[in-house]
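The values are calculated or read from the model by the stated rules, or taken from the named source; none is laboratory data. Keep in mind it's a predicted model, so treat the numbers as computed, not measured. Don't worry about glycine lacking a Cβ; one is built from the backbone with ideal geometry, like all the others, and counts go over all protein chains shown. What goes into the accessible areas is simple: the full protein's heavy atoms, side chains included, and nothing from ligands, DNA or RNA. Shrake-Rupley method; radii C 1.70, N 1.55, O 1.52, S 1.80 Å.
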Amino acid sequence: MLANLAMKMTLALAIAAPGNLVDPKQDPDVQPHIARGYFQQTETAKPASSITKERTQKIAQDFLQQFSPLLKEKGLNFAVIVDWDNDWFSAHARFDEKSSSAVLWGGFLRAPGMTEIIIATTLCHELGHLIAGPPLQTISATDNFSTEGQSDFYAGQCLAEFAGKHPEYFRQISFEVRSFCGNNKECGVALEGGLQTVRFMQKWGFEIYKPVSLKERSTPAKKFIANTYPDNQCRLDSFIQRAQCLKNRSEECLPPPCWWPMVMRYPPTQ
């Protein structure tokens, strides 16, 4: 799950201008929401992104058409639910014995800074919870879900595949991403998705702001992070690692050590 933010949000997706290292909490878009309590966009205070309901539904339709066969192979029906009129800031995955879905709520989609690339990344992350495989969460209610780190790591590959059929959603690749990836389009879309998403979530999240970087890496973990989000730099590290593998066309791609210690076998058998 990106997170269920109907309570106080621990999820954070957002795009700041490339190179903008100002604490997003100082952003005038965010201040009114902090003042009134995170995070429901009411009728009297509803910030608007440039994303429309119709455009979101089109992205969801294209995503569903491309990826639902992966779930059908597992005997599951897959749906993308765009709950535009739900004012809470949330995106999450659902899974039971017969069906699965990725759910996007209107308060999340309308938050300033939302982009088509972030929507695609969110859908890929939620799909990752369902099909990315081990390592899995260890909480009884979600022990059939891939971990947050694994879902981010899968999302980079998913974005490259989605962009292959729908490049219209990935037209704006930043200079810093192009500098990292060169002319490799798969690397570019995987990394841009992760960078925009992490910065967007930093903008609307509760964590103390610390700029993320394509040049730095998060501290290696001593223990496997199973049931929570890694820190924001570590989340970005998963996309960086996947983008690097796509760029180098690596046959073996390992997740970053910030959530999966290097001494552990990957992928694990569960």
| task | With a 1.4 Å probe and all protein chains in place, put Met264, Met201 in order of accessible area, largest first. | result | Met264, Met201
| query | What is the dipole size for region 225-270, taken about its Cα centre, with +1 at each Lys and Arg Cβ and -1 at each Asp and Glu Cβ, in debye to the nearest 20? | reply | 100 debye
| query | Leu254 to Phe206: extension gain in nm, 0.36 nm per residue of separation minus the Cα-Cα distance? | reply | 14.3 nm
| query | When the accessible area of region 199-270 is split by element with a 1.4 Å probe, what percent falls to carbon and sulfur? | reply | 53 percent
| query | If you count, for each residue, the other Cβ atoms within 10 Å and average over each peptide, how do 146-156, 180-190, 88-98 line up from highest to lowest? | reply | 146-156, 180-190, 88-98
| How big is the accessible area of Ile117 in square angstrom, nearest 10, if you roll a 1.4 angstrom probe over the protein chains? | 10 Å²
| task | Would you mind calculating the relative contact order of region 58-167 from Cα pairs under 8 angstrom and at least 6 residues apart, reporting the percent as a whole number? | result | 20 percent
| message | Which of rounded, prolate or oblate describes region 128-212 when judged by the alpha-carbon gyration tensor and an a/c cut-off of 1.5? | response | oblate
